[in-house]
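The values are calculated or read from the model by the stated rules, or taken from the named source; none is laboratory data. Everything quoted here is computed from the prediction, not taken from an experiment. So basically every Cβ, Gly included, is an ideal-geometry build from the backbone, and we count neighbours across all protein chains shown.
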2 protein chains.
Amino acid sequence: MPKSIARTYSRYTEDALAVLASLIRSARVQQRISAQQLAERAGISRSTLQRIEKADPKCEIGIVFELASLLGIALFDASPSSGELRRYRTLQEEKLTLLPERVRQPAREVDDDF
Amino acid sequence: MPKSIARTYSRYTEDALAVLASLIRSARVQQRISAQQLAERAGISRSTLQRIEKADPKCEIGIVFELASLLGIALFDASPSSGELRRYRTLQEEKLTLLPERVRQPAREVDDDF
DNA sequence: ATAATTTGACCGTTATATGAATCATAGATT
DNA sequence: AATCTATGATTCATATAACGGTCAAATTAT
């Protein structure tokens, strides 16, 4: 991550992060699991869990999703136990194969206008 | 991330990552945006976008969500343009304030059994 | 009221994600 | 068919995410 860039995020992104963060904390508290316990089950440190529950954008998405999985939080409207996501994945990947593999800019008009 | 841990992910997590990855690629291709162009708009490098479209779990969640935002992909059933997510966020955060701030293990029975 | 544990806030270290660059391939347009 | 650009695959350098620990504060259970 060279060239330290101060990254900005859209409101939508910040809202989505905040939603997921509070869903995680709500689920954890409702299930009476301490931060330490959840972190251990997820194989992460308590400090990382802290950042996630604070909606820090700079966390590995895999870890965050794994927490959702452990806590039974639905992603893409599919609960971890339902198995729906697998089908959605297959469907979505099939759709992808129907699209062109590459995108190309339409050739510029040769006679450039002024 | 000291103590190099080989992290594992549940099927649910992998599916969710794959769904999001193919949603991103599908949207990008359908909107005829090249990887380079999208990366620039998102303020990331093309190589990072490549990893995200390959469902790599070790990417910043903020970047991934920002791509969803740019491409109009719905997170938590709310399109970026709708503004629904903001309300959902507020609601969810209010719910959180109603829960106990800490979790505590119920005290063990004093008269331990043998 | 007391006790004890959870949580928040740090900090230093280390593994690693990201950025930048290059090269080969091949798909899309003409 | 030919051209040209988009993509995939690598590699290296660097900023930083995650870890592990500590300490104080405060909430919850007794």
Revision key, fill the gap. Within the stretch A:62-108, the residues that are in contact with a Pro (Cβ under 6 Å, 6 or more places away or on another chain) and either closer than 21 Å to B:ARG89 by Cα or surrounded by fewer than 16 Cβ atoms within 10 Å (Cβ to Cβ) (or both) are A:SER69, A:GLY72
Review point. Mind checking which residues of the stretch B:38-53 are farther than 22 Å from A:ALA6 by Cβ and surrounded by 13 or more Cβ atoms within 10 Å (Cβ to Cβ)?
Key: B:GLU53
Review point. Across the stretch B:48-98, what is the total count of residues that are at the interface with chain A (Cβ under 7 Å from one of its Cβ atoms) and of a type in the set (Lys, Arg)?
Key: 4
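Do we have A:SER45 as at pLDDT 95 or above, more than 8 Å from chain B (Cβ to nearest Cβ) and more than 25 Å from A:SER81 (Cα to Cα) here?
Criteria met by A:SER45.
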Exercise for review: Consider only pairs whose beta carbons are under 7 Å apart and that are at least six residues apart or on different chains; among these, list those whose first residue lies in the stretch B:7-22 and is more than 7 Å from every other protein chain (Cβ to nearest Cβ) and whose second residue is assigned to a helix (DSSP H, G or I).
Suggested key: B:LEU20/B:VAL64; B:ALA21/B:ILE52; B:ALA21/B:GLU53
Exercise for review: Determine whether B:ILE63 is touching a residue at least 24 places away in the same chain (Cβ under 8 Å) and near DNA strand C (Cβ under 8 Å from one of its atoms).
Suggested key: no
Point to revise | Residue check for B:GLN37: more than 7 Å from chain A (Cβ to nearest Cβ) and among the polar types (S, T, N, Q) | key: yes
